[in-house]
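The values are calculated or read from the model by the stated rules, or taken from the named source; none is laboratory data. For clarity, every value in this text was computed on a predicted model and none was experimentally measured. Cβ placement follows ideal geometry from the backbone for every residue including glycine, while neighbour counts extend to all protein chains displayed. Protein only, heavy atoms only, side chains kept; ligands, DNA and RNA dropped before computing areas. Shrake-Rupley method; radii C 1.70, N 1.55, O 1.52, S 1.80 Å.
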Amino acid sequence: MDSLQLSRSPFLKQLKQQLEAPPPSTTEESLLLRTMVQTLVAVGIVATDVAAGTQTSLWAIPLSLAGGFWSWTSRRKRNVATKFLISIGMLLAMAAFFGNIFASLNDTRLVLAELLIQLQILHSFHMPRRKDLGYSMVIGLILLGVAGTLSETLAFAPLLLVFLAIAIPVLVLDYRSRLGFVDGLPSLFGGGQKASANPTRISRKYSALSPKQLFLLLLGSLALGLTIFALMPRFPGYQQFTFPVSGAAELEDARFSGENRGILNPGVREGEGGADNAENGSGELDGEGEGDGDIYYGFRSEMDQGASSQMGGLTPKVVFRVRSQAPGFWRVLGFDRYTGRGWEISRDDQLLDVQRPPWSYQFYLSSPYGQGRTRQVIQTYTVVSPLPNLVPALSHAKMLYFPTPEVALDPEGSIRAPATLNEDLSYTVISEVAYRDRTALGNASVDYPKYITDYYLQVPPRIKERVRQKAEELLAKSPKPITSPYETALYLAQALKQNYQIQLGIPPLGENDDLVEAFLFRNEGGYADHFSTVLTVMLRSLDIPARLAAGYGTGEFNPFTGFYVVKNTDAFALVEVFFPDYGWFTFDPIPGNPLMPPSFEEYEAFGVLRQFWNWVAGWLPTPVTSFFNLLWQGFAIAIATVVGWLWGLVSSSLLGFMTGLILLVGVSFLGWIAWVNFQRWRYQRRLAKLPAMEKLYQQMLDLLAVRGEMKHPAQTPLEYARIARSQLSDAAAEIIEEISTAYVRWRYGEEVQNTSYLQEQLKALARSFQRLGKKEARSR
């Protein structure tokens, strides 16, 4: 068959005609809708930039606007060349995406957002239909969601409000476009409908695009969203197993060497008698620069608590933010040897190096200790201000996602990096945090292993007996005998809180003075960290292994971002006590602090509501907070009293059980009657507030819902009417279509409708359903 015969083939002719003259698609003619969709996408791009700290919007927004202008001017053309170029551009974007994603395997969110922005820019050059604008709306929403996951501060909140303010009118315009309205006039309806005969144009108080109505809708959406946000359960759990890591470019080549295995501290406050500069605390290294007085003095190999100039006086600043499944004490460093003036790490040179594979940022650190139950808690840290090379983490860190090729573990369970932690570094820790089972810990063995007794019972002989006598004196005041180390630690921690005070003006220790001795017998108190030192030494004097741990308190929880904001002034020291088969558990003897740091044991499904109230209460005057707390306590007591009385009645006898059962049934019946009447009253009240046409249309929907013909929220009124025609009688379908058409003309076309006539039609529809229901009942 030659080429002439091929050209005369009917099939090829038909194919050629279809390619040359495809059926024209329905174009979107609303310039306002197009403009607002482009603005919506621009807000999504800016939000991504703000959250990620990038500058994509500088080039992406102008290109997207240029594409939108091109698409508007050529919306009725075939644009074959444009489509061809868009296809090439998408292939190039995909190639760049695969090139970037392999460099960011541990946090692909930003790479995916960049790909989406590039695809949106290409897509913006050809958006003839309303459906194409819908794709852009979804892209803007996805970008905002990505920005929400990247954001760690409230800088994202204003953009969220702007996006919502634009999205509401965009949805209104999109819905009007689906109904076929062009410039406010309905294009789907013709004449001939009785309800719309001789419609007149009116100016009504309500308009779909009224600034007042849109503003009220925005406020309602915000109020509803914040309420849901506060009440919605927050179940702990990351739905991913590749965790965020950033800052790899500066740290990916950092390694330990013989000269930098100590603690690198970029700024320790000056101590008495001269500058500490930035040495690692063991005297082996020079640091990264001069101390600026903003880092806690205890993050060194030696902690000198005898110099008064070292206590307090930090310039407050945020050091890191944490997104964690549970609050806790962000542990940094542990100390085992008491020096009389403070603490030191006796085995600072015995570090265990841990390597990670080159294809992953994941380090395997350790397995949970002992037989006690544990719970996995995931934390992601973002460093805001430079920190030492000590990696904060919850206790019992199991896995670490960190950019350096290696880290080190010291004998006290602290994690060290081969370089200081610079700002904008993000890393993730998975910890196996132990449950604090008071009964099990109270029954724990006192048969301590040798590696524990060798290091964690050390007390200077000169003070041991005197401190022991003081501890036994405090224990003797207990109303009941204390026999277990766990109860001993609890009682002594509480006793220090109650019998000693924080004193900021105590003189520095002399050359022969002992810190614990001066605290207990001379000053009757001391600085906050002194309480932890005293409890540790007291427990050791009673042959209970203990050590000092320095780190950061939980910080301030921001319920809007989900991050704990931790400042340098949150740093302090507490006590860790060892229990055979269970490991180390913390106790906090500092007055004003909880006896035990918060943990997952306090985490509930609605815990965010409690945290939100704590955040709000911090801004309220004390009398107001006390009033609400008293009100809540009264409510809780009343509920407990009623429940206790009912339980006493039911459990007293068989007669009481039957009486309680009758009361329960009666109360349930009365509650059901009250609920039904309340629903009916609320329904009538809601209808009374509606305009006549909307009230009539809602009554029709309720009538049809009773018949089982419920309208789906995604259906337009006319789509619903068309479906009803296929399921109901012709007479009923005509009435439904007539009322639906009138409602659309009134709602979106602002036309007056004959509601009296339509009300009669609705009554006729109700009567027809009643007759049909009687006929169906007789047939049964």
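In the set V467, V459, V377, only one residue is open to solvent by less than 10 Å² (accessible area, probe 1.4 Å), in contact with a Phe, Trp or Tyr (Cβ under 7 Å, 6 or more places away or on another chain) and more than 18 Å from L333 (Cα to Cα); that residue is V377.
The single condition among (1) at pLDDT 80 or above; (2) open to solvent by 40 Å² or more (accessible area, probe 1.4 Å); (3) within 30 Å of Q118 (Cα to Cα) that D174 does not satisfy is (2).
Being modelled with pLDDT under 85, within 30 Å of S360 (Cβ to Cβ), open to solvent by less than 20 Å² (accessible area, probe 1.4 Å) and out of contact with any Gly (no Cβ under 7 Å at 6 or more places or on another chain) is a property that S104 lacks. Just one of the listed residues (G184, G180, G145) is modelled with pLDDT of 80 or more, open to solvent by less than 50 Å² (accessible area, probe 1.4 Å) and either out of contact with any Gly (no Cβ under 7 Å at 6 or more places or on another chain) or not β-branched (V, I, T) (or both), namely G145. Taken together, the residues in the stretch 708-754 that are under 44 Å from the mean Cα position of the chain (by Cα) and hydroxyl-bearing (S, T, Y) amount to 5.
Residue under question is I482, and the condition is that it be of a type in the set (V, I, T) and under 26 Å from G342 (Cβ atoms); does it hold? In short, no. Here is the figure for the stretch 294-312: residues that are modelled with pLDDT of 60 or more and under 33 Å from the mean Cα position of the chain (by Cα) total 6. Screening G708 on (1) at pLDDT 85 or above; (2) assigned to a loop (DSSP other than H, G, I, E, B) shows it passes everything except condition (1).
Considered as a group, the residues in the stretch 534-556 that are of a type outside the set (A, V, I, L, M) and under 30 Å from T382 (Cα atoms) include one that is surrounded by the fewest Cβ atoms within 10 Å (Cβ to Cβ), and that residue is E556. Only one of the numbered conditions (1) surrounded by 15 or more Cβ atoms within 10 Å (Cβ to Cβ); (2) assigned to a helix (DSSP H, G or I) is violated by V429, and that is (2).
Restricting attention to the stretch 713-742, and to residues there that are of a type outside the set (S, T, N, Q) and not in a helix (DSSP H, G or I), which single residue is surrounded by the most Cβ atoms within 10 Å (Cβ to Cβ)? Per the stated criteria, the residue is L728. Screening P405, P358 for residues that are crowded, with 17+ Cβ neighbours inside 10 Å, more than 19 Å from W330 (Cβ to Cβ) and out of contact with any strand residue (DSSP E or B) (no Cβ under 6 Å at 6 or more places or on another chain) leaves exactly one candidate, P405.
For every residue, the table says whether it meets (1) out of contact with any Gly (no Cβ under 7 Å at 6 or more places or on another chain); (2) surrounded by fewer than 16 Cβ atoms within 10 Å (Cβ to Cβ); (3) at pLDDT 80 or above; (4) among the hydrophobic types (A, V, I, L, M, F, W, C).
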{"residue": "A573", "(1), (2), (3), (4)": "no, no, yes, yes"}
{"residue": "G583", "(1), (2), (3), (4)": "no, no, yes, no"}
{"residue": "I590", "(1), (2), (3), (4)": "yes, no, yes, yes"}
{"residue": "E601", "(1), (2), (3), (4)": "yes, yes, no, no"}
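Report, by residue number, each residue of the stretch 563-595 that is assigned to a strand (DSSP E or B), under 29 Å from the mean Cα position of the chain (by Cα) and not small (G, A, S). Listed by number, the residues that qualify are F563, Y564, V565, V566, K567, F572, L574, F585, T586, F587. Within the bounds of the stretch 307-321, is there any residue that is open to solvent by less than 20 Å² (accessible area, probe 1.4 Å) and either among the small types (G, A, S) or in a loop (DSSP other than H, G, I, E, B) (or both)? So far as the stretch 307-321 goes, yes, one or more of its residues are open to solvent by less than 20 Å² (accessible area, probe 1.4 Å) and either among the small types (G, A, S) or in a loop (DSSP other than H, G, I, E, B) (or both). The residues in the stretch 450-507 that are among the small types (G, A, S) and within 43 Å of the chain's Cα centre (by Cα) can be counted, and the count is 5. Exactly one residue among R436, R468 is in contact with an Asp or Glu (Cβ under 7 Å, 6 or more places away or on another chain) and among the basic types (K, R), and that residue is R436. Residue pairs whose Cβ atoms lie under 9 Å apart, sitting 6 or more positions apart in sequence or on different chains, and linking a residue in the stretch 71-97 that is more than 15 Å from Q120 (Cα to Cα) to a partner that is surrounded by fewer than 16 Cβ atoms within 10 Å (Cβ to Cβ) and of a type in the set (A, V, I, L, M, F, W, C), are W72/L31.
Note on the stretch 675-699: residues that are among the hydrophobic types (A, V, I, L, M, F, W, C) and open to solvent by 60 Å² or more (accessible area, probe 1.4 Å) total 5. When you check L670 against the structure, is it on the phi < 0 side of the Ramachandran plot and either in contact (Cβ under 8 Å) with a residue 60 or more places away in the chain or not in a helix (DSSP H, G or I) (or both), yes or no? When the stated conditions are applied, L670 does not pass them. If you check F612, F560, F531 for being at pLDDT below 90 and part of a helix (DSSP H, G or I), only one passes: F612.
Specify the residue that is farthest from V111 (Cα to Cα); the eligible residues are those in the stretch 37-83 that are hydroxyl-bearing (S, T, Y) and crowded, with 21+ Cβ neighbours inside 10 Å. Of everything passing the filter in the stretch 37-83, S71 is farthest from V111 (Cα to Cα). When the stretch 123-141 is filtered for residues that are open to solvent by less than 40 Å² (accessible area, probe 1.4 Å) and assigned to a helix (DSSP H, G or I), the ones remaining, listed by number, are H123, D132, L133, G134, S136, M137, I139, G140.
The number of residues in the stretch 700-712 being surrounded by fewer than 17 Cβ atoms within 10 Å (Cβ to Cβ) and under 17 Å from A764 (Cα atoms) comes to 5. Given the criteria under 19 Å from I263 (Cα atoms), among the charged types (D, E, K, R), touching a residue at least 40 places away in the same chain (Cβ under 8 Å) and outside any strand (DSSP E or B), does D348 qualify? Yes; evaluated as a whole, the condition is true for this residue. Counting only residues that are touching a residue at least 60 places away in the same chain (Cβ under 8 Å) and either surrounded by 22 or more Cβ atoms within 10 Å (Cβ to Cβ) or assigned to a strand (DSSP E or B) (or both), the stretch 411-420 holds 4 of them. Taking D424 as the residue in question, decide whether it is open to solvent by 70 Å² or more (accessible area, probe 1.4 Å), over 30 Å from R373 (Cα atoms) and touching a residue at least 60 places away in the same chain (Cβ under 8 Å). Against the criterion (open to solvent by 70 Å² or more (accessible area, probe 1.4 Å), over 30 Å from R373 (Cα atoms) and touching a residue at least 60 places away in the same chain (Cβ under 8 Å)), D424 qualifies. Taken over the stretch 479-497, the criterion of being of a type in the set (S, T, Y) and open to solvent by less than 20 Å² (accessible area, probe 1.4 Å) is satisfied by S484, Y486, T488.
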